[in-house]
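Student: Before we start, here is the structure in question, set down as structure tokens.
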Amino acid sequence: MNKAYLATAALRIVLGWYMLFAGIEKILDPGWTAQGFLMGAKTFPEFYAWFAAPAQSWWVDPLNAWGITLIGVALLLGVFVRPAALAGAALMFLYYFPQVTYPFTLPHGFIVDDHIINAAAFLAIAFSPMARRYGLAQKLQETFIARIPLIRSLV
């Protein structure tokens, strides 16, 4: 058994678990909104304030909560790993910038914080051919669904 495959699969599963429960927590809390986080942005405040506007919250909050949850499910199951991991990396970068004050001061670090580390891990998963191992992607490719070219390329 290849240790690199196991380590990569373990990283994928841990990231999936992390995202799944972060999303479930948001979905199950009827009072949760991204508005407070977005309004507190220190970098690009106008950009994040647009997303925090009441006119946007009807789609921003569910997209955020369900997106995080679905990223977690995909990574845990080992299906659609590349798109899920790329989406996870994009979210981590979007979550990173509101906390940064220039010159690169963060609450818990200098330039690099947990969002950057998570984004790097997501990118490693996205571009590792080993990441789909020990997941359902191989089984899914054996079904009729994999005959659809777009699905086959994403699985």
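Student: Karplus couplings for segment 56-62 from phi (6.51 cos²θ - 1.76 cosθ + 1.60, θ = phi - 60°), rounded to Hz, Gly and Pro as x?
Tutor: Those phi angles translate into 9, 5, 4, 10, 5, 5, x Hz.
Student: If you don't mind, another one. Going by average Cβ density within 10 Å per residue, which order do the peptides 79-86, 129-136, 43-50 take, highest to lowest?
Tutor: Numbers: 79-86: 21.1, 129-136: 17.9, 43-50: 13.4.
Packing proxy ranking, top to bottom: 79-86, 129-136, 43-50.
Student: Quick one: which residues, 5+ away or cross-chain, put their amide H under 5 Å from the amide H of residue 100? H built at 1.01 Å from N.
Tutor: Sorted by chain and number, the residues that satisfy this are 42, 43.
Student: State, as an integer percentage, the relative contact order of segment 28-114 based on alpha-carbon contacts under 8 Å between residues 6 or more apart.
Tutor: On the way: 67 pairs, mean separation 26.2, N = 87.
Averaging sequence separation for qualifying contacts and normalising by length gives 30 percent for segment 28-114.
Student: Report the per residue volume, in Å³, of the convex hull enclosing the C-alpha atoms of segment 1-65.
Tutor: Convex hull of Cα atoms, per residue: 106 Å³.
Student: Round to a whole angstrom and tell me the spacing of the C-alpha centers of segment 115-144 and segment 43-76.
Tutor: 23
Student: Let me ask another. Between residue 97 and residue 3, what FRET efficiency comes out of the Förster formula 1/(1 + (r/R0)^6) with R0 = 30 Å and r the beta carbon distance, rounded to 0.05?
Tutor: Between residue 3 and residue 97 the formula returns 0.25.
Student: Please work out which option in (1) 1.15; (2) 1.39; (3) 1.21 gives Cα Rg over 2.2 N^0.38 Å calculated from these coordinates, and answer with its label.
Tutor: Working out Cα Rg over 2.2 N^0.38 Å from the coordinates points to (1).
Student: Next question, about the same structure. Hey, what do the phi angles of segment 63-71 turn into as Karplus ³J(HN,Hα) couplings, whole Hz, using 6.51/-1.76/1.60 and θ = phi - 60°, x for Gly and Pro?
Tutor: Karplus values, whole Hz, x for Gly and Pro: 4, 5, 5, 6, x, 4, 4, 5, 4.
Student: Moving to a separate point now. Using the Karplus equation 6.51 cos²θ - 1.76 cosθ + 1.60 (θ = phi - 60°), what ³J(HN,Hα) coupling, rounded to whole Hz, does each residue of segment 120-129 give in order, writing x for Gly and Pro?
Tutor: Running phi through 6.51 cos²θ - 1.76 cosθ + 1.60 with θ = phi - 60° gives 5, 5, 4, 5, 4, 5, 4, 9, 8, x Hz.
Student: Something else now. Let me have the 222 nm mean residue ellipticity of the chain computed from DSSP H runs of 4+ only, each contributing -39500 (n - 2.57), with the sum over all residues rounded to the nearest 500. Intermediate results must be reported in sequence, preceding the final value.
Tutor: Working: 8 runs with 104 residues, N = 155.
About -21500 deg cm²/dmol.
Student: Continuing with the same structure: For segment 3-154, what is the relative contact order in percent, using Cα pairs closer than 8 Å and at least 6 residues apart in sequence? Could the numbers behind the result be given before it?
Tutor: Numbers: 196 pairs, mean separation 45.6, N = 152.
Here the relative contact order equals 30 percent.
Student: Taking the Cα centre of the chain as the origin and placing charges on Cβ (Lys, Arg +1; Asp, Glu -1), which of 58, 94, 123 is farthest toward the positive end of the dipole?
Tutor: Value: 123.
Values in this text are rule-based calculations from the coordinates and carry no lab data. Values in this document were obtained by computation on a predicted structure and should not be read as measured data. Glycine gets a Cβ as well: all are built from the backbone with ideal geometry, and neighbour counts include every protein chain shown.
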